[in-house]
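I have placed the structure first, in the form of structure tokens, so that the comments after it can refer back to it.
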Amino acid sequence: MCILLKLFMVPALLVAMLAGASAFEVPPLRGRVSDTDGLLSASKVIALENALRTLEEKTTAQIAILTVPDLQGEDIKSFSMKVVEAWKLGQKGKDNGLLILCSEKGLHCRLEVGYGLEGAIPDGKAGDILRHQIRGKANPKKGTHDFDGAFTDAVSTISQIIYDEYAKDPTGASMRGAGPEALIGAFGLIVAFVVLGFVGAIFGVLVGGIAGGALGAGIAFWGAWSILGIFVMTVVGFLFGCLAAIIMSGVGSGGSFSDSSWSGGSSWGGGDSDGFSGGGGSFGGGGAND
Amino acid sequence: MVEDFKMKPWMWILGVVVLLGLVFGGSYNGLVNKDESVKAAWSEVSNVANRRAELIPQLVDVVQGYAEHESSVFKGVTEARAKATSINVDASSLASSPALQKQFMEAQQALSSSLGRLLAVAENYPNLKANESFLKLQDEVAGSTNRITVARKRAIDDSKDYNQAIRGIPGVIVARLGGFQPKEYYEGKPEDMAPPKITFGKKG
């Protein structure tokens, strides 16, 4: 037991040292509202999270709020950009993410607007919301600290803008185009499945698996993925090929497969606890701060 | 029938050839994609710089409405803008020339400085400082400057990514065969783009 612990200690320490080597740490994404600077009341945090979740459900736009006690020596713009690049707020392709960031007990705030929202919320509008909705109620330089009220107003105003945009254009087609990649990918998977299945049915499951592995590796190379990605794809391809071969040969011989039960159909659990994560959206540097 | 199947030598060779084809084809595609990314990234830098330049006449207009005698400041901004615009003519040359990138950056930095002085004028004119048009333009200039910073950083990151790819395996072979050259870039200091912080009482 002792030896095992010691064996793990060294690599763990190494990892910790390497991780600590980079001074800047992006705050982890723990939810839509990360009030690490304690500006909001608990009930307000919940109310805001609900409002932001509803916004995402209705329009797919992802707004997050982050308050931090300090900027770790960074300028607020570069801090904000590092956060949104790590959190990836907004949907991939639509880029409809927005971050409201406040630091040092709300002394400095920034609205970071995703590419897809820049039309509805250009820099001047972001500045407007900052000056009126936020600073109207919470301006430490002037001695006001009603952050509950300020964030409520800001979220309400921003949400209304997004709802209005969404009502005009529900598919978000005007936002940066979401590619047809998903459709092509699905089609490709079906074709690969059938082809690999035939190969495997004729030449044996193992050959089907090898073909699948080669195909996986090939796809990873076409996409110029990392070494790890190539390895993973090879393994996945192998398993996919074996599976296809088994199913196709089962179908072909019309035999023993019919009574194996493919249980499923029920959801993957997870319920409706809000496991919030970024949708892959990107940002160009638009927004406003003070 | 299926049980008698044995891999003949030609099948092995074919398999290896196909695999190599996939690997090198994939690598070539990857390099092409990265090359295009770098060009697109510098194009974006050029575009956002132009957007900033377009805001300036409007800003000068608004400020002049309140502070018409600050002529040295207006002259400074106008000249800096002209200089920056003259360098930022062609996005594709920007992508291929670190010398041009340096010139571009320095011109943009000079423009940021003179913009800082222009905005600082408002410290002495409370009515200007409260003017909604002025505030909106100030936000847009700040946003545009930030966009230039972000776009430049991404262009350089893409260049680094490309350079890494043509050094690794099998990139280094494909690069030599396909004629892919490393991308040189001028990095400069990260803070270079930000306009100087406006301090009280500072005059152009």
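Spin-label model, A:ILE190 to B:ALA82: label points 7 Å out along the Cα-to-beta-carbon direction sit 6.3 nm apart. Computed over chain B with a Gaussian network model linking Cα atoms closer than 10 Å, the most mobile of B:LYS34, B:LYS189, B:LYS160 is B:LYS189.
Relative to the longest principal axis of the Cα atoms of chain B, the long axis of helix B:9-66 lies at roughly 10 degrees.
Proximity of backbone amide H atoms, modeled 1.01 Å from N, is registered between B:LYS183 and B:ASN163 at under 5 Å, excluding neighbours fewer than 5 places apart on the same chain. Mean partner shielding of peptide B:141-151, defined as the number of other chain Cβ atoms within 10 Å of each residue Cβ, is 6. With 31 Å as the limit, the listed pairs A:LYS92/B:LYS153; A:LYS88/A:LYS142; B:LYS39/B:LYS75; A:LYS141/B:LYS153; A:LYS58/A:LYS137; A:LYS94/A:LYS142 have A:LYS88/A:LYS142; B:LYS39/B:LYS75; A:LYS141/B:LYS153; A:LYS94/A:LYS142 beyond it between alpha carbons.
To the nearest 0.05, what FRET efficiency results for B:MET7 and B:ASN29 with a Förster distance of 30 Å applied to their C-beta separation? FRET efficiency, B:MET7 to B:ASN29: 0.55. Inter-label distance, B:GLU106 to A:PHE198: 6.4 nm, where each label sits 7 Å from its Cα along the C-beta direction. B:SER72 sits with roughly 90 Å² accessible to a 1.4 Å probe, with DNA, RNA and ligands left out of the calculation. Paramagnetic label reach from B:ARG51 (point 7 Å along Cα→Cβ; backbone nitrogen cut-off under 14 Å): within segment B:70-98, no residues. Coupling constants for segment B:78-90 follow from the phi torsions by the Karplus curve (6.51 cos²θ - 1.76 cosθ + 1.60, θ = phi - 60°), and in residue order they are 4, 5, 4, 5, 4, 4, 4, 5, 5, 7, 8, 8, 9 Hz; glycine and proline get x.
Across segment B:113-123, coupling constants 3J(HN,Hα) worked out from phi with the 6.51/-1.76/1.60 Karplus curve, θ = phi - 60°, read 4, 5, 5, x, 5, 4, 5, 5, 3, 4, 4 Hz, and Gly and Pro carry x. Amide H contacts for A:LEU89 (H built 1.01 Å from N in the peptide plane; partners 5 or more residues away or on another chain; cut-off under 5 Å): A:GLY281. When each of the peptides A:275-287, B:49-61 is scored by the mean number of other C-beta atoms lying within 10 Å of its residues, the order from highest to lowest reads A:275-287, B:49-61. The string of couplings for segment A:238-243 from the Karplus curve (6.51, -1.76, 1.60, θ = phi - 60°) is 4, 5, 4, x, 4, 4 Hz, one whole number per residue in order, with x for Gly and Pro.
With both labels modelled 7 Å from their Cα along Cα-to-Cβ, the A:SER43 to A:HIS145 distance reads 1.9 nm.
Annotation: amide H of A:VAL33 within the under-5 Å range of A:ILE65, sequence separation 5 or more or interchain, hydrogens built in the peptide plane. Measuring nothing but how far apart in sequence close Cα pairs (under 8 Å, 6+ apart) lie, relative to its length, chain B scores a relative contact order of 34 percent.
Taking the C-alpha atoms only, the angle from helix B:132-165 to the longest principal axis of chain B is near 30 degrees.
The values are calculated or read from the model by the stated rules, or taken from the named source; none is laboratory data. None of these values were measured; they are calculated from a predicted model. Counting neighbours? That spans all protein chains shown, and the Cβs are built from the backbone with ideal geometry, glycine included. Remember, those area values only see protein heavy atoms, side chains included, never the ligands or the DNA or RNA. Shrake-Rupley method; radii C 1.70, N 1.55, O 1.52, S 1.80 Å.
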